[in-house]
Amino acid sequence: MRTTRTRRTALTACTAALLAATTLTACQGNDALTKEPSPAGAASVVQPSIGTTDSGKAQPAAHTPTEAGFVACAAGSTKIVATKVERPVNHMLLTVTNTGKRACDVYMAPLLRFDEEQAATQIVEDSKPQAVATLAPGESAYAGVTLSSATGEAAHGYKPEKLTLHFAARSDSGSVGAPVKVTLPAGTYKDDSAAVTYWLSSMQDALTY
């Protein structure tokens, strides 16, 4: 009888610990990205936070080391080009190419800031790939940017002059390395509905959202 009571007590303690750990994980997972409600039929988006995981200091190396065995692509070893596309309408394509001498990973989605906007461009959560894009030297990854609403109903439309891109950290919290100044295509127009996909290996997939 004593053995049964002891086992029940241990089981209760384990269950409580598991519930506590689950609650803590859920809370921590909401720090970097805040879920935004989406209308029916619309893509799910999240609002990223641009911070740095290195106390705000730019990494001097061409590639930014993250954890053992993982190397993040960084400003000094990549080239980023923004291109206007005809289809889908109101879209722009971001292409990152590894110009370094070793393979690197591009994590999550590019963290974008147009002009002096306080908030980073929201991320299309539905575009999250099953695997991180690893770029061998000379290889590229892509991210599609929806610049404005097709119906013109979104607010605060304007023509930005600057685009700053940060590389997301592998931990999905903040950014790594130095920011990159990206040249915008002439006549770029955006509004509050602007959103960017995750980095994807296929250009076609990046322009699907």
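The values are calculated or read from the model by the stated rules, or taken from the named source; none is laboratory data. These numbers were taken from a predicted model, which means no experiment stands behind them. Here the Cβ is made from the backbone with ideal geometry for all residues, glycine too, and neighbour counts use every protein chain on show. Only protein heavy atoms, including side chains, enter the accessible area calculation; ligands, DNA and RNA are left aside. Shrake-Rupley method; radii C 1.70, N 1.55, O 1.52, S 1.80 Å.
Of the residues in segment 184-202, not one is closer than 20 Å to GLY76 by Cβ, of a type outside the set (D, E, K, R) and free of Cβ contacts under 8 Å to residues at least 40 places away in the same chain.
Inside segment 178-198, can you point out the residues that are assigned to a loop (DSSP other than H, G, I, E, B) and touching a helix residue (DSSP H, G or I) at 6+ places or on another chain (Cβ under 8 Å)? Can you show your working first?
Initial filter on segment 178-198 (assigned to a loop (DSSP other than H, G, I, E, B)): 183-189, 191-194, 197-198.
Answer for segment 178-198, where residues must be assigned to a loop (DSSP other than H, G, I, E, B) and touching a helix residue (DSSP H, G or I) at 6+ places or on another chain (Cβ under 8 Å): THR197, TYR198.
If you go through segment 107-137 and keep only what is among the β-branched types (Val, Ile, Thr), under 16 Å from PRO48 (Cα atoms) and assigned to a strand (DSSP E or B), you end up with ILE123, VAL124.
Scan segment 83-99 and give yes if some residue there is touching a residue at least 40 places away in the same chain (Cβ under 8 Å), open to solvent by 60 Å² or more (accessible area, probe 1.4 Å), of a type in the set (Lys, Arg) and part of a strand (DSSP E or B), otherwise no. Among the residues of segment 83-99, at least one is touching a residue at least 40 places away in the same chain (Cβ under 8 Å), open to solvent by 60 Å² or more (accessible area, probe 1.4 Å), of a type in the set (Lys, Arg) and part of a strand (DSSP E or B), which makes the answer yes. Looking at segment 174-190, which of its residues are over 16 Å from the mean Cα position of the chain (by Cα), farther than 14 Å from LEU112 by Cβ and open to solvent by less than 40 Å² (accessible area, probe 1.4 Å)? Selection gives PRO185 alone.
The residue that is least open to solvent (accessible area, probe 1.4 Å), counting only those in segment 122-161 that are over 16 Å from ASN90 (Cβ atoms) and of a type in the set (Ser, Thr, Tyr), is SER127.
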